[in-house]
Amino acid sequence: MRISSRQVWLAFSALSPLAMAKWTSPLPFWPVRDPMTVSKNNPSCAPETGATQDGLPVGQLLAFTVAGFLAIMTENMPAGLLPQIGTGLGVSEAMAGQTVTVYALGSVVAAIPIIAATRSWNRRPLFLLAIAGLLFFNTLTAISAHYGLTLLARFIAGMAAGVIWGLVAGYARRLAPPHLQGRALAIVGVGQPIALSLGVPLGAWLGGLADWRAVFWIMSAVALALLVWVRLAVPDFPGQAQQERLPVRKVITLPGVRPVLVVLFAWILAHNILYTYVAPFLIASRAGLGVELILLVFGLASVIGIWGTGILVDRHLRNVTLLSLVAFATAALLLAIPHGSVPLILIGVGIWGLTFGGAPTLLQTALADTAGEQADVAQSILVTIFNLAVAGGGLVGGLVMNEAGAGSLPWTLLPLIVIALVAAWNATKHGFRVGQRAT
């Protein structure tokens, strides 16, 4: 596919975290507060966040938005640069593609054990260390001339990303008053669909302008700026006391945790079956739509989905989750039936983006509410299940394509969505409880 620099620049400018800050800051339901202050009356010397009973520290939360954006961009960027990376390292494109695989594997391997082992650490030093990991190992990727060293750098960068994902939900919630914690996660989640929808085309465009290594230098520069931002603007919080910690196996058995994880796995697996193979699906649809247009529609719809979820999640977590799953099933049907119908495919992709945009916020909120003091460990489990679902989507989607063709991919989503819907529907007391979200 050919992507003009103007297309990517306009899309990136419209959807960038800084642009989102401009959109959200004046709104009455996402009020902005001043940066953190240190209270003289705080005996623990823990800094105040700048949030009040009616406000959110948006400037601080956007640091987590950028961290998520950077982690996903680091993961997906090589997918748009495989020919250049392969040539630069003297390997095939298939071998170059393993730079994405080992990154995801690093996140899976690291999230649970590192988060569990560092529960006593203060949150900001651990967060800074994880960002520094992305900075160092993206830089190492940029200068490496050896395939093995590049794979090692990508694997450890994935480990750093796993720590970031294990931290952000619990850390961001502590910056917000209890009744706005779901909304805080919605702000944090803005970076994810932006990166998912723009990572590959942006990487391909930047790689076409300069050597592929320049792309990793750019991401290192973003990581360096983020380090300064977090150190200067984001308050620190203490880790978890020894007497409050539960073993990982007991966290999994907390009431409501397993239903949320079932919904998570089924939902993300269904999403990635289609998302991973959206290009061959579009070819099979015979609608003549380009991948860049579909990704842009998906990304815009995802941002709108996060915005709507942020408004509703704290009061209507259960209802929004169930409605999102029903809408996702509707999108799958729209994409499955109309071969060659441009309007129906665009509508289906739009609904799909709306539902997926809010999914991380809904699932992270449900899991954090359920896990309580064990939220960080629970979120590290979420990271592991999420990445397994991503890998599973590639595997299952590939098998479906080989057996039935890319046009049949949307039909595969429906049974998985039903499983998620049943699990969420039955979790009435814990997980997706009836009534207002627990605060």
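Given a Förster distance of 35 Å, report the FRET efficiency between Thr101 and His179 from their Cβ-Cβ distance, rounded to the nearest 0.05.
Values: r = 41 Å, r/R0 = 1.17.
According to the calculation, E is roughly 0.30.
Taking the Cα-to-Cβ direction at Leu224 and at Leu209 and moving 7 Å from each Cα, how far apart do the two end points lie in nm?
A separation of 1.8 nm, rounded to one decimal place.
Per the Cauchy relation, a quarter of the hull surface: what is the mean projected area of the convex hull of the alpha carbons in the range 236-318, in nm²?
Working: hull surface 37.2 nm².
For the Cα atoms of the range 236-318, the hull's average projected area reads 9.3 nm².
Give me Rg over Rh for the range 315-432, both radii from the alpha carbons and Rh done the Kirkwood way, two decimal places.
Values: Rg = 15.8 Å, Rh = 15.6 Å.
Radius of gyration relative to Kirkwood radius: 1.01.
Label Thr330 and Ser408 with points 7 Å out from Cα along Cα→Cβ: what is the distance between them in nm?
My value for the distance between the label points is 2.8 nm.
Report the equivalent ellipsoid semi-axes for the range 55-162 in whole Å, largest first, defined as the square roots of five times the eigenvalues of the gyration tensor built from alpha carbon atoms. Please report the intermediate quantities before stating the final value.
Details: eigenvalues 157, 48, 25 Å².
Working from the Cα gyration tensor, I get semi-axes of 28, 15, 11 Å.
If each residue of separation counts as 0.36 nm, what is the full-extension length gain between Trp217 and Val342 once their alpha-carbon separation is subtracted? Could the numbers behind the result be given before it?
Details: separation 125, 0.36 × 125 = 45.00 nm, distance 3.88 nm.
The Trp217-Val342 span can extend by a further 41.1 nm.
If all Cα-Cα distances of the range 122-261 are sorted into 10 Å bins from 0 onward, what percent lands in each bin, rounded to whole numbers?
10, 30, 35, 19, 6, 0
What FRET efficiency would be calculated for the residue pair Ala94, Thr253, taking the C-beta separation as r and a Förster radius of 45 Å, to the nearest 0.05? Mind showing how you got there, number by number?
Numbers: r = 41 Å, r/R0 = 0.91.
So the FRET efficiency works out to roughly 0.65.
I need the peptides 313-322, 297-306 ranked by packing, meaning the mean over residues of other C-beta atoms within 10 angstrom, with the highest value on top. Kindly include the intermediate steps, with their values, before the conclusion.
Working: 313-322: 20.1, 297-306: 22.9.
In descending order of packing, they fall as 297-306, 313-322.
Give me, ordered by chain and number, the residues 5 or more places off Leu289 or on other chains with an amide H under 5 Å from its own placed amide H.
Amide H neighbours of Leu289, under 5 Å, 5+ apart: none.
Taken together, the values in this text are just the output of simple stated rules run on the coordinates, not laboratory data. The structure displayed is predicted, hence computed values, not measured ones. We place every Cβ from the backbone using ideal geometry, glycine too, and count neighbours over all the protein chains shown.
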